[in-house]
Every structure is written in structure tokens, then in C-alpha cells.
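First comes the structure, then the notes that go with it.
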Amino acid sequence: MSSRRTFLAGSTALLAGLGTAARAGSPEQGTPPDVGRKFLANGQVMPFAGNTIICHLPQQGPDSAPFDALLDVYRVLPAREWARKVTVLPPSSYHMTIIGGANDKERRRPLWPADLPLDMPMAECDRILGERLRAFRLGTEAGPYRMRVNPAAPSAKEGPLTMRLLPFDAAEEKRLRRLRDRLSEVLGIQDTGHDTYGFHITLAYQFAALTSAEDAAWREDLAQWKQQIIARAPVITLGPPEYCLLADMFAFKRQFYLE
């Protein structure tokens, strides 16, 4: 009997230890935020119909150096051990969001236009917001927009893989913030983090918890990639904002440029 109690106690301690190790090895402390929303638990892309205002990263011409640098990241990323737990986005989707629009999965205020019914068909919402934006004038907030890679390390809670950006200077910061404010009024949408929104380019979405070693590895890779991009493209120049529709995170279809 004593031996059995000793065995059970040892087994319980082992399981507890494994549970602690699993928690310690999972920086996200549970399911990544976009699983069940934009991606399945196996990494497969899910429907995410909506509209948004973005600037695609130029793939051709004199401002294409940042895209070329990110394309080199795309080439090597799948070979990383931690990359088996992320869904890598196609380079054709690379963009910086100016302000998010409405989407079919977040039909609640203030993420849905304030004056539109919450049960309005997505296509009708797309049409109405498109009409508003065709009449909108950028004025002094017109592009191009100059950005730069944010060299700071991501927070401890962040998962892979986002390339965070900063406006190139204070004047550009002021212009972009003012543009976001104006667009928010036109759309009737304001995220809770509107005033602190961080500009970025998303390269991949995490769909599974990382071990401690994997978490350290992607952070080290990101730091190296940032330095490479900063060296090759100290200034990231983006063209005029685009009103885009999307069916999922793999493609953002331009409807027109804002003027």
C-alpha cells in the first residue's frame, strides 16, 4: 500500500511538473487570439469578410526595396523550427493598415458603423462605406507616407510575426493620426485602441502555442530581420490609401484609391 501511495504521489508530481513546463513553454498562455476568428487551430485560413483602408507595400519601382527585403524574410521563414506554428501570409498581401473598416465577424459597436444596422448584409455595408470614401478628400493628409521599421523588441505578450512600423518623423505621425481621426468619423467606426494604434506589416499569424525555446528563437530572428531591413530600406514609402475588400487574410482587393 505504501508503495502504491509513493507511486501515485510521484506520478502526480510528474504530471504537475509537466503541466508547469507546458505553461512556462507557452508564452501566449492559451489559444492565440486569431484562432477561431481568422484561422483554424491547424493554421488553415478562415473566412473573414470585410473592408479596410490600407497601403499595399510597393512591389515595383523606386520604392520597392522594403518589399524585396521582406521577400527575403519570406524565403527563409518556413525553414525556422518555430514557423511550423504560424501561417505565413503571401507577400502579395503585405500592407500597412491606415484604419480598419467593418467585418462580418465583429458586428458590434463601435467596430461596426454607428449608423448602419448590425444585421446589414456585408456587401451592402461595403457599398455604403465605399460611397462615403469616394466622396472623402485626403487634403493635406494625402500620401505618400514615409515610415520606418520600429527597432524595439516586441512585448513579452506578443507572438509572431509582425513587423512594427513608426512614422518617419513627428510631422508624419501627426498627419497619419489626423487622417485616422477623419476616416473614423466618416466610417462611423472607432476601435477602443484608436488613439494608440500601432502601424505594422503582418507577415504571419500564430495558431499554436510556442515553447520557451521557440519564443526566444522567433524574437532573435525578428531582431536580425529588422536590422537587415533597416539597412536596406531605412525609409518605407507608401502610396495613397486604398479602399479594399477582403474574403480572408490572404488577399486585400483594391476597389479604388482615396483622393
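The values are calculated or read from the model by the stated rules, or taken from the named source; none is laboratory data. This one's a predicted model, so the numbers in the text were calculated from it and none came from an experiment. Here Cβ is always computed from backbone atoms with ideal geometry, including for glycine, and neighbour counts include all displayed protein chains. Remember, those area values only see protein heavy atoms, side chains included, never the ligands or the DNA or RNA. Shrake-Rupley method; radii C 1.70, N 1.55, O 1.52, S 1.80 Å.
Heads up, I need the accessible area for K253: 1.4 angstrom probe, whole protein in place, Å², nearest 10.
Number for this one is 130 Å².
What is the diffusion coefficient of the range 62-102 in µm²/s, taking the Kirkwood radius over Cα pairs and the Stokes-Einstein relation at 20 °C with a viscosity of 1.002 mPa s?
The calculation lands on 177 µm²/s.
In nm, what is the difference between 0.36 nm times the number of residues separating R80 and L138 and their Cα-Cα distance?
Additional length available on full extension: 16.7 nm.
Can you compute 3J(HN,Hα) from phi for each residue in the range 64-75, using the Karplus curve 6.51 cos²θ - 1.76 cosθ + 1.60 with θ = phi - 60°, rounded to whole Hz and x for Gly and Pro?
8, 4, x, 5, 4, 5, 5, 5, 5, 5, 4, 5
Taking H as built 1.01 Å from N, whose amide H comes closer than 5 Å to the amide H of A204, not counting residues under 5 places away?
Answer set, sorted by chain and number: L89, L161.
Residues of the range 151-213: accessible area per residue at 1.4 Å, in Å²?
Computed with neighbouring chains in place, this is 47 Å² per residue.
Test of understanding: what is the full-extension gain from R127 to I230, defined as 0.36 nm times their sequence separation minus their Cα-Cα distance?
Net length gain for the segment: 33.2 nm.
Expressed as a whole percentage, what fraction of the accessible surface of the chain belongs to carbon and sulfur atoms when a 1.4 Å probe is rolled over the protein heavy atoms?
The nonpolar share, carbon plus sulfur, comes to 57 percent.
With label points built 7 Å along Cα→Cβ from the Cα atoms of E173 and F250, find their separation and express it in nm.
Calculated label separation equals 3.9 nm.
In whole angstrom, how long is each semi-axis of the equivalent ellipsoid of the chain, when you take the square root of 5 times every eigenvalue of its Cα gyration tensor and sort them from largest down?
39, 24, 16
Please turn the phi angles of the range 204-215 into ³J(HN,Hα) values with the Karplus equation 6.51 cos²θ - 1.76 cosθ + 1.60 (θ = phi - 60°), one per residue in order, whole Hz, x for glycine and proline.
Once θ is set to phi - 60°, the couplings for the range 204-215 become 6, 10, 7, 10, 9, 5, 9, 6, 4, 5, 5, 4 Hz.
So which residue, out of A152, A41, A233, gets the largest mean-square fluctuation from a GNM of the chain using Cα contacts under 10 Å as springs?
A152
Count the lysine pairs in the chain whose Cα atoms sit under 29 Å apart, keeping only pairs 8 or more residues apart in sequence or on different chains.
Going through the chain pair by pair, I get 16.
Contour minus end-to-end for Y197 and E220, with contour as 0.36 nm per residue of separation and end-to-end as the Cα-Cα distance?
Gain on extension, Y197 to E220, equals 5.8 nm.
Once R0 is set to 30 Å, what does the formula 1/(1 + (r/R0)^6) return for the Cβ-Cβ distance between E259 and V45, expressed as a FRET efficiency to the nearest 0.05?
Calculated transfer efficiency: 0.40.
If you roll a 1.4 Å probe over the heavy atoms of the protein chains, what accessible area per residue do you get for the range 38-127, in Å²?
Per-residue value: 45 Å².
Please report the net charge: other residues with Cβ closer than 15 Å to the Cβ of I201, K and R +1, D and E -1.
It works out to a net charge of 0.
Compare E259, E106 by solvent-accessible area with a 1.4 Å probe and give them largest first, with all protein chains kept in place.
Listed by decreasing accessible area, they come as E259, E106.
Rounded to the nearest 500, what is the 222 nm mean residue ellipticity of the chain from helices alone, with -39500 (n - 2.57) per DSSP H run of 4+ residues and division by all residues?
-11500 deg cm²/dmol, from helical runs alone.
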